[in-house]
């Protein structure tokens with residue numbers, strides 16, 4: 001046991017000491033290829049935390065459609081890269097596209113396959129050079145494929161509050177979207193650790209956003225609505241076997257409900273079916289008698305709950321479109337929205353007992369240079385950013401180089417509240433604990449400077465970007 005503890009301590013010290021790579025000068029192509037960073041692997045369901053945690057509230061903030069190279073370009077200590085390669089072997093410098101850029105790029109599974117551009121000899125390995133063959137879905141791109149639209153980054157002034165959060169707290173530069181597709185399955189991963197099509201097809205995963213019936217997923221979808229599914233194995237198997245987008249599998253909410261003294265809420269804009277309305281797609285919860293008390297149809301309501309001392313133990317928070325960071329509609333309010341949540345907690349009595357986890361639900365079609373581990377036909381997707389906000393981060397500006405995914409968020413939450421695990425990706429992911437030290441006193445909070453947040457959701461179902 002003593003040697004095991006020593007190994008764990010050495011691993012954590014190594015993670016703290018290993019700097020990230022922030023490539024902002026002329027690129028070095030001497031290696032002839034883009035390789036992934038060295039990653040700190042975690043044993044399945046490894047519990048790093050020792051002793052009691054002071055955390056009694058977890059807030060999971062889910063933003064939209066960005067990669068680490070796109071949104072946090074040049075973050076000190078983080079592994080970012082300011083150029084890519086295309087499928088012809090050409091170097092493509094990343095160019096500026098502001099947060100309110102009017103274009104959009106496909107982030108369906110088929111576009112993941114194009115951009116990954118797997119080795120013909122080994123489909124599990126992405127060459128990471130197919131971004132020039134991406135399909136554009138908005139008007140801000142030139143005709144695609146053969147376009148440089150994905151090779152873009154957001155200039156720092158447009159997202160300075162995010163950089164300030166990373167500097168004051170912790171950032172994960174090895175956070176991967178679990179699924180290789182868009183919002184609807186990604187949000188299922190964030191509540192279940194899987195996007196299984198159970199009970200109809202428990203061995204198949206939801207592949208993309210629904211089609212027919214308006215394209216919104218959930219048990220309130222139109223009868224004609226369908227979503228494609230795909231088998232986990234074998235790698236390269238075709239999609240097919242569409243299913244109605246209403247499922248009945250266990251979620252983290254179910255585990256929390258059965259844990260004494262633990263409450264939860266899911267904040268979303270509007271009611272009914274929606275790509276970001278994850279619990280609307282879980283039949284036993286959607287049809288439960290307390291659904292209306294668990295699902296709040298106004299994201300900004302969390303600010304009221306923090307102020308009035310009625311915050312649930314666990315909160316999922318999704319945005320309205322204008323505050324989502326999703327490209328395509330001039331959405332620039334994301335940093336103000338997230339800063340409003342962080343500042344509300346930081347200036348409340350909840351600060352010493354709360355961890356805020358901020359991530360982005362999918363890569364949005366944008367370039368990222370770090371090669372994902374393709375475990376199977378569906379997992380993992382490309383890198384997305386991760387902010388960990390807590391008075392107990394190991395040190396301000398800490399950058400975690402341990403591999404995380406959406407299941408890591410579930411694992412952290414389960415461990416915090418002492419629940420069992422779901423037996424999905426939460427059971428094989430790490431628990432984010434390399435970023436925290438609960439033996440230290442809570443650090444005082446310094447407010448995040450950001451433009452004022454003005455709510456844009458009035459409780460009606462506003463259009464969501466996919």
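Remarks
- FRET efficiency, 1/(1 + (r/R0)^6) with R0 22 Å, evaluated for residue 232 and residue 283 via beta carbons: 0.50
- Taking a point 7 Å from the Cα of residue 458 along the Cα-to-Cβ direction, the residues of the range 256-281 with backbone N closer than 14 Å to it are 270.
- For the range 165-266: relative contact order, % (alpha-carbon pairs under 8 angstrom, 6 or more apart): 20 percent
- Rounded is the label for the chain, because the ratio a/c of its alpha-carbon gyration tensor axes (a ≥ b ≥ c) stays below 1.5.
- Put simply, when 95-101, 258-264 are sorted by average Cβ atoms within 10 angstrom per residue, most first, you get 95-101, 258-264.
- Cβ-based exposure ranking for 438, 153, 350, in which fewest neighbours within 10 Å come first: 438, 350, 153
- The alpha carbon centroids of the range 266-296 and the range 325-387 are separated by 21 Å.
- Beta bridges per DSSP, both residues in the chain: antiparallel share near 45 percent.
- Bridge type composition, the range 250-397 - antiparallel percent by DSSP, nearest 5: 40 percent
- Sorted peptide list for 268-276, 359-367, 446-454, 389-397, criterion being average Cβ within 10 angstrom, highest first: 359-367, 268-276, 389-397, 446-454
- Using a simple spin-label model with pseudo-atoms 7 Å out from Cα toward Cβ, residue 439 and residue 127 lie 4.9 nm apart.
- Using a simple spin-label model with pseudo-atoms 7 Å out from Cα toward Cβ, residue 200 and residue 222 lie 1.6 nm apart.
- Modelled label positions at residue 293 and residue 446, each set 7 Å beyond Cα in the direction of Cβ, lie 4.2 nm from each other.
- Each residue in 114, 301 was given a count of other beta-carbon atoms within 10 angstrom of its own, and listing them fewest first yields 301, 114.
- Anisotropy class of the range 240-358 from Cα gyration tensor, a/c 1.5 cut: oblate
- Overall form of the range 133-256 per C-alpha gyration tensor (a/c, 1.5; a/b vs b/c): oblate
- The range 99-125 and the range 196-261 have Cα centres spaced 22 Å apart.
Rule-based calculations on the coordinates, nothing more; no lab input. Please read these numbers as outputs of a predicted model, since none were measured by experiment. Note: ideal-geometry Cβ built from the backbone for every residue, glycine included; neighbour counts use all protein chains shown.
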